[in-house]
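Student: Quick one: structure below, then a few questions.
The values are calculated or read from the model by the stated rules, or taken from the named source; none is laboratory data. The shown structure was predicted, so the numbers you read here are calculated from the model rather than taken from an experiment. Backbone-built Cβ (ideal geometry, glycine too); neighbour counts: all protein chains shown. Just so you know, the surface numbers come from the protein's heavy atoms only, side chains and all, with ligands and any DNA or RNA stripped out. Shrake-Rupley method; radii C 1.70, N 1.55, O 1.52, S 1.80 Å.
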Amino acid sequence: LTDGDTELADAIDLVAGLDEQLHEVKAESVRLAEYQEVLKRPVTRYDEVEDLEAAMRLKRNLWHGIHDWGAQVDEWNGAPFDALDPELMQKEVTKYAKTVSQCEKGLAPNTALPILKERVETFKGMVPVVVSMRNEALKEHHWKQIEEAIGSAIERGEGFTLGY
């Protein structure tokens, strides 16, 4: 779950299977703690289970983040430009940037996290552009300036999307 070359579907399946096993181990530790209480014995803390649970949460968030972020960007790229909601886009960028930050702090260095980080950072820079280009005060001469700046004509008809 630390190899960026792992197939996304395989990683998500593996995370799901490990989550299920972890849930069973967690349930067993709770059951044993209840027995210890009934028998008036000192209750054993299973720190390893808690540590494993925290690590799995981060790995789950990483792989689901890679999957969900990709789906979200695909949706935005295919949506009509005028239908984009810049506030929602910023909210989602912030959410996934937080996931990246948490994984950077909690996971050992790996080759999977940079994939999500790069994708989020790349899109993060596009949000202000979307906000500016959605400005209803833009006139034709502004669009011409934009086209000159990027060196390409922009077809703003019905088919205009982030995906071009």
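Student: Every residue in the stretch 25-50 that is part of a helix (DSSP H, G or I), farther than 28 Å from PRO109 by Cα and either open to solvent by 70 Å² or more (accessible area, probe 1.4 Å) or not small (Gly, Ala, Ser) (or both), please. Explain how you work it out, then say what you get.
Tutor: Filtering the stretch 25-50 down to residues part of a helix (DSSP H, G or I) leaves 25-38, 47-50.
Keeping just the survivors that are farther than 28 Å from PRO109 by Cα gives 27-38.
Answer for the stretch 25-50, where residues must be part of a helix (DSSP H, G or I), farther than 28 Å from PRO109 by Cα and either open to solvent by 70 Å² or more (accessible area, probe 1.4 Å) or not small (Gly, Ala, Ser) (or both): GLU28, VAL30, ARG31, LEU32, GLU34, TYR35, GLN36, GLU37, VAL38.
Student: Just for the stretch 1-24: of the residues that are among the β-branched types (Val, Ile, Thr) and within 25 Å of ASP47 (Cβ to Cβ), which one is surrounded by the most Cβ atoms within 10 Å (Cβ to Cβ)? Break it down into steps so the answer makes sense when it comes.
Tutor: So in the stretch 1-24, the residues among the β-branched types (Val, Ile, Thr) come out as 2, 6, 12, 15.
If we keep only those that are within 25 Å of ASP47 (Cβ to Cβ) too, we end up with 2, 15.
Numbers: THR2: 14, VAL15: 18.
That would be VAL15.
Student: Can you tell me which of PRO128, PRO80, PRO86 is in contact with a Ser or Thr (Cβ under 8 Å, 6 or more places away or on another chain) and more than 26 Å from ILE12 (Cα to Cα)?
Tutor: On the way: PRO128 fails: in contact with a Ser or Thr (Cβ under 8 Å, 6 or more places away or on another chain); PRO86 fails: in contact with a Ser or Thr (Cβ under 8 Å, 6 or more places away or on another chain).
Checking each option against the conditions leaves just PRO80.
Student: Follow-up question, since we're still on this one. Take the stretch 133-164 and flag every residue that is of a type outside the set (A, V, I, L, M) and within 19 Å of VAL73 (Cβ to Cβ).
Tutor: We begin by selecting, within the stretch 133-164, every residue of a type outside the set (A, V, I, L, M); these are 134-136, 139-145, 147-148, 151-152, 155-161, 163-164.
Within the stretch 133-164, ARG134, GLY159, PHE160, THR161, GLY163, TYR164 meet the criteria.
Student: Further, regarding this structure: Filter the stretch 67-105 down to the residues that are without any contact (Cβ under 8 Å) to a residue 60 or more places away in the chain, touching a Gly at 6+ places or on another chain (Cβ under 9 Å) and among the hydrophobic types (A, V, I, L, M, F, W, C), then identify the one that is farthest from GLU20 (Cα to Cα).
Tutor: VAL100
Student: Can you name every residue in the stretch 1-37 that is among the charged types (D, E, K, R) and touching a residue at least 24 places away in the same chain (Cβ under 8 Å)?
Tutor: So in the stretch 1-37, the residues among the charged types (D, E, K, R) come out as 3, 5, 7, 10, 13, 19-20, 24, 26, 28, 31, 34, 37.
Matches in the stretch 1-37: ASP3, ASP5, ASP19, LYS26.
Student: Any chance you could count how many residues in the stretch 62-84 are part of a helix (DSSP H, G or I) and touching a strand residue (DSSP E or B) at 6+ places or on another chain (Cβ under 7 Å)? Working first, answer last.
Tutor: Initial filter on the stretch 62-84 (part of a helix (DSSP H, G or I)): 62-78, 81-83.
Next cut, touching a strand residue (DSSP E or B) at 6+ places or on another chain (Cβ under 7 Å) only: 77-78, 81.
The total comes to 3.
Student: Hey, another quick one. Tell me yes or no: at least one residue of the stretch 47-59 is closer than 30 Å to LEU162 by Cβ, under 15 Å from the mean Cα position of the chain (by Cα) and free of Cβ contacts under 8 Å to residues at least 24 places away in the same chain.
Tutor: no
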